[in-house]
1. It is to be established whether one or more residues within segment 23-39 are touching a residue at least 40 places away in the same chain (Cβ under 8 Å), over 30 Å from residue 196 (Cα atoms) and not assigned by TED's automatic domain parsing to the domain that holds residue 178.
2. Which of (1) surrounded by 17 or more Cβ atoms within 10 Å (Cβ to Cβ); (2) under 26 Å from residue 73 (Cα atoms) is the odd one out, the single condition residue 187 does not satisfy?
3. Among the numbered criteria (1) touching a residue at least 40 places away in the same chain (Cβ under 8 Å); (2) surrounded by fewer than 16 Cβ atoms within 10 Å (Cβ to Cβ); (3) part of a helix (DSSP H, G or I), which single criterion is violated by residue 226?
4. Out of the strands (runs of 3 or more DSSP E) lying entirely within segment 17-90, which hold 2 or more residues that are farther than 19 Å from residue 131 by Cα?
5. Of the residues 216, 155, 198, 192, which is surrounded by 15 or more Cβ atoms within 10 Å (Cβ to Cβ) and either closer than 15 Å to residue 76 by Cα or within 22 Å of the chain's Cα centre (by Cα) (or both)?
6. Restricting to segment 201-213, name every residue that is in contact with a helix residue (DSSP H, G or I) (Cβ under 6 Å, 6 or more places away or on another chain) and crowded, with 22+ Cβ neighbours inside 10 Å.
7. Which ones in segment 18-50 are crowded, with 16+ Cβ neighbours inside 10 Å and within 22 Å of the chain's Cα centre (by Cα)?
C-alpha cells in the first residue's frame with residue numbers, strides 16, 4: 001500500500017496537504033472512510049481512515065501504529081552541490097533510501113555550482129523516504145561556505161573528511177558502531193589546502209574512501225555505506 005507523509009500528526013489525528021493530498025484524492029481517488037498508511041517522517045507508520053476532506057486539507061483518524069523505526073545513531077554527509085543538478089538529486093534520493101539522517105550542503109572554494117533548488121531536493125527526500133519505507137525524513141541543511149559547514153558539524157561526535165591529497169586511513173576502519181558520525185565530501189576539484197587545515201582545527205580527521213578517485217555524489221554514497229555497514 002502507498003505511504004503518505006503528514007507534517008501534522010497530533011494524538012490520533014493526521015492531516016495531508018499539498019502534493020500528498022492531491023495524490024491521495026485526485027490521483028488515487030481515495031474517499032472518506034478509505035484506509036491509508038501515513039508516516040510522520042520521524043519513524044512511525046500509522047494505519048488511518050480518511051475523515052473530512054476540505055479544499056486545502058485531508059483530515060484522517062489514526063487507528064493504530066503499524067510500525068516504528070528507531071535509530072539511536074545519526075549518520076550524515078556534508079557535501080558540495082555537483083555542477084550537474086541531476087547528480088546531486090541522485091545522491092539525495094539514494095542516500096535517503098539507504099537511511100541517512102542528515103544531508104548538509106555547502107559551497108566550497110572550488111565549487112562550480114553556487115545554488116540549489118531546495119524545494120525540489122526536499123520533495124525528493126519525501127518521495128525516497130516513502131518509496132523505501134525508511135520512515136525517517138532526513139534533515140536538509142544548506143550552509144553558504146565551508147567555514148559555516150564546519151561550524152554546523154560541531155554537534156557530531158565523530159567528524160571525518162574525505163580527501164585525496166594525502167595518505168590516510170580508510171573510513172571503514174575508523175567508523176564507530178552506533179555513534180553519531182558525519183563525513184565531509186569535497187567538490188570535483190577537491191578541497192584546498194586551507195580548507196583541509198581549517199577542517200582539522202574543527203576536529204575533522206582526514207580519511208580515505210579507497211583507491212579509486214570518486215565523483216562527489218559517488219563518494220557520498222560510498223562513505224554512507226561504510227558507516228551503515230559498521231552497525
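The values are calculated or read from the model by the stated rules, or taken from the named source; none is laboratory data. From a predicted model like this one, the values you see are computed outputs, not experimental measurements. Methodologically, a virtual Cβ is constructed for each residue, glycine included, from the backbone with ideal geometry; neighbour enumeration extends over all protein chains shown.
1. yes
2. Of everything listed in (1) surrounded by 17 or more Cβ atoms within 10 Å (Cβ to Cβ); (2) under 26 Å from residue 73 (Cα atoms), residue 187 misses just condition (2).
3. Status for residue 226: all satisfied but (2).
4. The strands (runs of 3 or more DSSP E) meeting that bar are 44-53, 57-68, 75-79.
5. Testing whether each residue is surrounded by 15 or more Cβ atoms within 10 Å (Cβ to Cβ) and either closer than 15 Å to residue 76 by Cα or within 22 Å of the chain's Cα centre (by Cα) (or both) leaves just 216.
6. 209
7. The answer is 20, 37, 38, 39, 40, 41, 44, 45, 46.
Yes/no per residue for (1) exposed (fewer than 15 other Cβ atoms within 10 Å of the Cβ); (2) in contact (Cβ under 8 Å) with a residue 60 or more places away in the chain:
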site: 55; (1), (2): yes, no
site: 62; (1), (2): no, no
site: 67; (1), (2): yes, yes
site: 74; (1), (2): no, yes
site: 83; (1), (2): yes, yes
site: 89; (1), (2): no, no
